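The values are calculated or read from the model by the stated rules, or taken from the named source; none is laboratory data. Source: prediction; values computed, not measured. Heads up, the Cβs are rebuilt from the backbone with ideal geometry, glycines too, and the neighbour counts pull from every protein chain shown. SASA here: full protein model, heavy atoms, side chains in, ligands and nucleic acids out. Shrake-Rupley method; radii C 1.70, N 1.55, O 1.52, S 1.80 Å.
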Amino acid sequence: SMSSISRSFVLVLFVSFACCTWTIVQNDFATIAIATSFSSTETGYIAGGSSNLQPLLLYTTDGGNTLDNHGMNDSSVGAMLSIRMASSTWGIAGGLGFIELPCGAYTNDGSTWFNVDDGFTLFCAFQGASVVDDSQTGVLIGSFADRRDWKGNGIQITTDGGKTWNQINGDTGSTPVRYGSFLSKNMGYVTSGIWPETEDISERNIDSVMRDFQLTRHLTMDTTKQTVRFVKRENSRAEDAIEGYVALLSAVTNEGNDWKLLLNQTNQGLYFNEISCTDSNNCWAVLEGIDGFGNDTAVIYHTSDGWASYDTQLTVPGGSLVCIDMQSPTLGWAGGALLQGDFQGDFQGIFYKTTDGANWTLDSELKNFYPMDISVTGK
């Protein structure tokens, strides 16, 4: 089965591989939840925050029909941007924090969540999370500002089940890191990206980011109200319209200390969103931006040799792709939205599915829906 999380409020949908019908199982306009991770068909977490900055780590054992907020054991405030469970007990969540709000959380028993850091942080945004099924390794991917590093841009990694976390800058310069997929403490990949309407790390104004955090080119999060709004961009059709976009992909080894830039697409109209790897050679990643004619576009990249080369498996004209999850080398889902086309409203949710790891088919479309994260379980 597969679960998906939308923008601006808790709107949880589930679909079974045995059928093709999506079912809304939760719809709560008082909260925001944009990340999800399930360890089995019925059991998993949905992460986010409430309008009064209460951390949401919503747990379900019945496929989302009922949700119990486990919150954090050592913090009554917070907002989560990402979550990944490696098993029913070991998991991590990345936070959007400012002025001592938590930068993330971890659990060793699948129930009780603890703050990843008790130090002072001016700002942090860990939009990506990746966890290894060894009960020890977890990686938060994003940017941060604290006393040690006012322009932090990289990862926080634990290799001892959350007891200690090491903050490491990457090799992407001022281009913000976004998401990652780690196979072990010594092998992973991190995506980075930027688009013309946002600031790079060197230009980032902490005061403005603490008010509005750009999740994607089209989705901006109000950090004080815990809401997400859709931003309709007017695309230029000029020849230089694709400039200002950067898409980087790095291999990260040696417990996060060694970074090697493998893919650099600068001024080509695209930036990276989520990445999902099934082993060190086979990975899939989603990108979005604009094409050479000024139209919205999104693609799925795939590699079978650890990004020594890659192929484009899917192009979505007029679309956005934010999330992807490969349950195996053959089975996976990707989600996003149509931004241009014949539909009502500002956008229309789209879900693509592959059963052979190569060919993607449009499984379904949902009116006024913008999936931000996907979790695939089962066969």
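Computed over the chain, relative contact order equals 12 percent, with contacts defined as Cα pairs under 8 Å that lie 6+ residues apart. For the chain, the solvent-accessible area with a 1.4 angstrom probe is 37 square angstrom per residue.
Taking the mean number of other Cβ atoms within 10 Å as a proxy for protection, how do you rank 195-204, 171-180, 128-137 from highest to lowest? Display every interim value, and only then the final one.
Working: 195-204: 15.1, 171-180: 23.2, 128-137: 21.2.
With the highest mean Cβ count within 10 Å placed first, the list reads 171-180, 128-137, 195-204.
In the neighborhood of Ala298, defined by Cβ-to-Cβ distances under 13 Å, what is the net charge if each Lys or Arg adds +1 and each Asp or Glu adds -1? Please report the intermediate quantities before stating the final value.
Working: positive: Arg217; negative: Glu274, Glu288, Asp291, Asp296.
Spelling it out: positives minus negatives among the neighbours equals -3.
Mean residue ellipticity at 222 nm, helices only, the chain: 0 deg cm²/dmol; runs of at least 4 DSSP H residues each add -39,500 (n - 2.57), and the sum is divided by the number of residues. Between Leu262 and Thr66, the simple spin-label model (points 7 angstrom out along Cα→Cβ) gives 4.4 nm.
Solvent-accessible area of the range 304-354 (1.4 angstrom probe, protein heavy atoms only): carbon and sulfur portion equals 43 percent. By the rule of a C-alpha distance below 17 Å, with chain neighbours fewer than 8 residues away ignored, the lysines paired with Lys367 are Lys232.
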